[in-house]
Amino acid sequence: QVQLVESGGGLVQPGGSLRLSCAASGRIFNIYAMNWYRQAPGKQRELVAEITSGGSTGYADSVKGRFTISRDNAKNTVYLQMNSLRSEDTAVYYCNAATIAQGFWGQGTQVTVSS
């Protein structure tokens with residue numbers, strides 16, 4: 001099992017920044033990729049960013065150039081730096097750990113972009 005705990009969400013004005021954190025514990029050696037998803041009200045959950053165990057990263061077109069995913073292996077933590085936030089970025093953000101057997105999810109953290 002893998003346990004994930006997200007933090008860092010909150011209310012921010014358009015154009016502002018937030019950094020989300022996801023701390024992983026448990027059988028983390030089975031993880032081959034860490035992902036950030038988000039789900040806005042009335043919409044499907046969507047993949048925002050991913051980082052593989054080899055360090056490769058990928059982003060949704062809607063966040064390219066604004067969001068950056070990174071990790072600190074010593075702390076078993078993945079980050080999502082979000083800059084130039086827009087109202088359409090408002091959603092619950094979820095951390096996901098992908099293993100060969102299954103995916104694990106955090107509890108989610110709310111990000112609200114509003115003036």
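The values are calculated or read from the model by the stated rules, or taken from the named source; none is laboratory data. This is a predicted model, so every value here is computed, not measured. No Cβ is skipped: glycine too gets one built from the backbone with ideal geometry, and neighbour counts run over all protein chains shown. For the accessible areas, the whole protein counts, side chains as well, though only heavy atoms, and no ligand, DNA or RNA atoms are used. Shrake-Rupley method; radii C 1.70, N 1.55, O 1.52, S 1.80 Å.
If you go through segment 84-97 one residue at a time, how many are more than 18 Å from GLN44 (Cβ to Cβ) and touching a strand residue (DSSP E or B) at 6+ places or on another chain (Cβ under 7 Å)?
Of the residues in that region, 4 qualify.
Which one is nearest to the chain's Cα centre (by Cα), of the residues in segment 64-94 that are among the hydrophobic types (A, V, I, L, M, F, W, C) and closer than 16 Å to GLY8 by Cβ?
LEU80
Being in contact with a helix residue (DSSP H, G or I) (Cβ under 8 Å, 6 or more places away or on another chain) and farther than 18 Å from VAL111 by Cβ is the filter here, so list the residues in segment 39-85 that pass it.
ASN76
Among the numbered criteria (1) under 25 Å from SER115 (Cα atoms); (2) open to solvent by less than 50 Å² (accessible area, probe 1.4 Å); (3) in a loop (DSSP other than H, G, I, E, B), which single criterion is violated by VAL48?
(3)
Among residues belonging to segment 89-98 that are part of a strand (DSSP E or B) and open to solvent by 20 Å² or more (accessible area, probe 1.4 Å), point out the one that is nearest to ARG27 (Cα to Cα).
By that ranking, first place goes to TYR94.
State which residue is least open to solvent (accessible area, probe 1.4 Å) when the search covers only segment 53-88 and only residues that are free of Cβ contacts under 8 Å to residues at least 12 places away in the same chain and part of a strand (DSSP E or B).
So the residue we want is GLY58.
Has segment 16-35 got any residue that is basic (Lys, Arg), surrounded by 15 or more Cβ atoms within 10 Å (Cβ to Cβ) and either over 18 Å from VAL111 (Cβ atoms) or at pLDDT 95 or above (or both)?
No.
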